[in-house]
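Working notes, structure below.
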Amino acid sequence: MKYFLRRILWLVFAIFIALTINFMLPRLMPGDPAIILIQRLEGLEPAAINAVRNAFGLETDKNIIIQYKDYLIDLLHGDLGISISHYPTPVWNVLRKALPWTIGLMGISTVLSFIFGTLIGITLAWKRKSRISDAVLGLFLFIRSFPYFWFGLILVYFLAFNNPIFPLGGATKVGLMPADGWEYIKSILYHGILPGMTITITSMGYWILTIRNNMINVLAEDYITVAKAKGLSMSRIKNLYAAKNAILPSVSGFAMALGFVIGGSLLTEMVFSYPGVGFMLYQAVQQQDYPLLQAIFLFIILGVLFSNFIADLVIMILDPRVRDGAKK
Amino acid sequence: MSDKLLEVQNLIAGYQTKMGRVLAVNDVSFELKKGELIGIAGESGCGKSTLAYSIMNLLEDNGAIFSGEINFSGDNLVDFSAKEIKQFRWQKMSMVFQSAMNALNPVMKISEQLIDALKAHQKGISEKEARKRAEEMLELVDIQKDRLDAYPHQLSGGMKQRVMIAMAMILNPDLVIMDEPTTALDVVVQRNIIEKIEDLRSEFNFSIIFITHDLSLLVEISDKLAIMYAGKILEIGPAAKIYSNPLHPYTKGLMNSFPPLTGEIEEMSGIEGKPPDLLNPPAGCPFYPRCEKRMEICKTEMPEFKELENEHQVKCYLYQGSDNLE
Amino acid sequence: MIKDMLKLFITNRKALLGVIILSIFIFIAVFAPLIAPYHPKQSSDQEGKFQLRAAPSSKHLLGTSHAGYDIFSRLIYGTRLSLMVGIVTGVITTFIALTLGLLGGYYGGVIDDIISFINNIFLVIPSLPLIIVIASYITIRGVWPIIFVLSFTGWAWGTRVIRSQVLTVREREFVKVAEVLGEKPLVIVFREILPNIISLVMATFFTSTIAAVIGEATLEFIGLGNISAVTWGTMLYWAQNNAALLYNAWWWFLPPGLFIGLLGTSFALMNFAIDEISNPKIRKR
């Protein structure tokens, strides 16, 4: 109980900090971007220029505390400002279209990379003496050293361009609508394979290495020796005695791992022109659409905080010591 | 003899390293009768734990039995296949590990840990029966039934140790090896555990190999006592005899190392020096550099066991050739 | 003890391989003008203007870019900046992590609370989005802004790990002894604690450097670097923006990525070797 409450408090507090950072960021930057932008927008309507002013807190007539208050109130109403590159569409409307794609692609890829990574990591540690084990380890170390996006490029080149097995980009075939039913879904899956593979393979490396290390440490523990002495089956020892303990530190490091995965998936979207939040971020950067940029950033942070919270809950379920608040 | 349970003969075991073999157990022999408690005493690093693990066949990685025999009721355990060992172990012979060790799986209830030992050896057993047996075992070691579903971290040190004893006894083995079972516990808890072990032994009549560096404890509970140093047993015999008349200079030194509760305050004498490097064990007696009574021959040749009255044996040149001790 | 570790390091096969690869890259960087056949911004020679988007040939080992630059030369020259940015960022990040980790871990109390708090915030925020956001606000484009942004966001992981280890070492007897003897804190930190966390500091350095090399390439790929500078990252930027894929110009985007990966691998190997050396359980006997 205590653990749970503490986690919730931390979550609320962290969200608060995230919102504040988001508020402060543009106001801390040197005046240049705002002024350049405004000059660029000279031809636009006052409303757009105001949106920019709003985003940058250049309305010096308002006290910063009042600005903060307004900012929070706006947020509660779902008002994230007006997008500059998609003017006059509000930022939220622009974001709303991209979110499902990213959540879907990233969500599935993360789960897959965790599952595969964990299984491979456990096996690598269990069968440490074999040569194959070393080779696989080496392979993933190698893969991990490459930039995510480059890996995506290679995949696109070999599997989409040179040999058109997979599509070059996008989320679905142009022109298909949800109304097209199964065709639509098929197309989504088809288009999702390459980007999904990119994210999964590159982030798998992190899990593999972490779990392998944890597993090796756990295997050196005394309760493993006792389990062997008791005559238990190898699979029982591997799963219930070793793996169950080895996973715990990984789950708590989930937040950081998620950070990598998010980074990777953003880049993957850019390479594949996948219409998710990452691609949108890319475009926002190119077009200096700061309100959109900020909103995306905010969403990403919130996403991470929530996932982190869920990971904390999972640990609570898995580790009885945490449930009781015992010191490890 | 028909009630001889365990006979270790010239056991040599240790660890293979890049620099050679570390002979942690260097030619050890002893016998154990049914229902007997043999205490094995010695300093840290003398090879006691390696001996225990060798008998249980739990040496891993680079640990191995290099030569010798371990005869259990006539069968040589060293010759057993992995499958035979797996079946045999815990059923006929089990081990209680050091209480300081992390011997209980932190994410499993102790009921599960007790039951899976049962299930591994009694394939047909039902969940209900297994649980009942686990409850019985806990009762035997004075732990309330309602703690059956507790996790290790919810138990005190003494309770965890008792769970391990229950776990070791759950299949009613003939021999239980106890490796420093009370070392990390406070004296009051130690006393309880020792008494409990004694009670269980008289009720179920199993043999015990009790390993510790606490000689004073062993003197009280052992039938037989073996003094181990640098991988060798230097002196072995009935506990009372060794206590009243220690023969080997090392044993004498050990006996002199604990102060009596009563009597005059005397200056304590320790034993100077440190144990030899087991990577390159000396050819002669390993205690040579630290022995007050050493002789030339001690350096080059290891003495054999000389039995002096009633199974009291010692490996020391001081007693070779002489037939009376007093 | 450090000498022993160095000895172990050199005899470890993985470490050796890593060092060899790194040395090759350093060699390329230092001797770039001698190795590269052309100047990176050269688009013609006595025989006339270079062909645009040419495929590899004997004249241009890796072909030419959309502007006629020799890709092989750019790759060679690019090593300089890419390596520099990576290593400099790695050093700065490690230095920050070491300082904060030592301060927080050793002094504890309020100092530690503040450091940990800030650390946790930076840890939770995913680095790439943060990097992108900050970099896009900074209007100057170049390698130094990149170094700044990467260092600013990259110190968190190392700090946490080092602080954790300092906390452990601090409780060991020899530190307690030094304190009881009245040694000044700075002396204790440098003489007792530091040598015991060296392997961790090295590991942090390698990890940070890999991250920096990839981070730099990423930022430049998105266009947040100085696109007229010659680095592996900007090469990828140009490749992407000129549809190298569509022109089937694999020689344009394959080599820079490959080099990044190789450099990263060399650090990963050395890192792995340090892991093996300092953690006896992982070491194979």
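Annotations for the structure displayed:
- Area projected by the alpha carbon convex hull of the stretch A:177-328, averaged over all directions, nm²: 13.2
- The alpha carbons of chain C give a radius of gyration and a Dmax of 22.3, 78 Å, in that order.
- Legend: mean number of C-beta atoms from other chains within 10 angstrom of residue C-beta atoms, peptide A:231-238, equals 4.
- Orientation-averaged projection of the stretch C:29-184 equals 14.2 nm² [convex hull of Cα atoms, one quarter of hull surface area].
- Cβ neighbours within 10 Å from other chains - mean over A:139-146: 6
- Debye-sum result for the stretch B:148-222 in log10 I(q)/I(0), which assumes one identical scatterer on each alpha carbon, at q = 0.16, 0.27 Å⁻¹: -0.59, -1.49
- Taking every Cα-Cα distance in chain B and sorting them into 10 Å bins from zero, the calculated P(r) comes out as 5, 24, 33, 24, 10, 3, 0 percent.
- The stretch B:47-144: relative contact order in percent, alpha carbon pairs under 8 Å with at least 6 residues between: 16
- Taking a ≥ b ≥ c as the square roots of the eigenvalues of the Cα gyration tensor, an a/c ratio of 1.5 or more together with a/b no larger than b/c marks the stretch A:65-104 as oblate.
- Each Lys and Arg adds +1 at its Cβ and each Asp and Glu adds -1 at its Cβ; summed about the Cα centre, the stretch C:108-196 shows a dipole of about 260 debye.
- In terms of the mean number of neighbouring beta-carbon atoms within 10 Å, the peptides B:82-88, B:180-186, B:122-128 order highest first as B:180-186, B:82-88, B:122-128.
- Only helices enter this figure: runs of n ≥ 4 DSSP H residues, each worth -39500 (n - 2.57), summed and divided by the residues of the protein assembly as shown, yield -19000 deg cm²/dmol at 222 nm to the nearest 500.
- Whole-number D in µm²/s for the stretch A:287-328 (Stokes-Einstein; Kirkwood sum over Cα pairs; 4 °C, 1.567 mPa s): 104
- Built amide H within the under 5 Å cut-off of A:HIS86, gap 5+: none
- Converting the Cα gyration tensor eigenvalues of the stretch B:54-208 into ellipsoid dimensions via √(5λ) gives semi-axes, longest first, of 26, 19, 16 Å.
- Descending semi-axes in whole angstrom, ellipsoid equivalent of the stretch A:81-155, from the Cα gyration tensor: 41, 15, 7
- About its Cα centre, the dipole of the protein assembly as shown is roughly 2580 debye, where the only charges are +1 on Lys and Arg Cβ and -1 on Asp and Glu Cβ.
- Axial C-alpha extent at least 24 Å, average Kyte-Doolittle at least 0.0 - helices from chain C (DSSP): C:13-30, C:71-107, C:143-170, C:194-222, C:250-278
- Averaged over B:105-118, number of beta-carbon atoms from partner chains that fall within 10 Å: 5
- In terms of Cα atoms, the Rg and Dmax of the stretch B:170-326 work out to 17.4, 52 Å.
- With the highest mean first, a sort of the peptides A:311-323, C:221-233, C:74-86 on other beta-carbon atoms found within 10 angstrom per residue produces C:74-86, C:221-233, A:311-323.
- Here the convex hull built on the C-alpha positions of the stretch B:5-128 has a volume of 151 cubic angstrom per residue.
- With Cα atoms, 0 to 90° folded angle of helix B:110-121 axis to chain B main axis: 80
- Highest-first arrangement of B:103-115, B:283-295, where packing means the average Cβ count within 10 Å: B:103-115, B:283-295
- Projected area averaged over orientations for the protein assembly as shown, convex hull of C-alpha atoms, nm²: 50.8
- Kirkwood Rh in Å, taken over the stretch C:129-264 so that all alpha-carbon pairs contribute: 17.6
Laboratory data are not the source of any read-out in this text; all were calculated from the coordinates shown. Note that the coordinates shown come from a computational prediction; the quantities given were computed from them, not determined experimentally. Note that we place each Cβ from the backbone using ideal geometry, even for glycine, and neighbour counts take in every protein chain shown.
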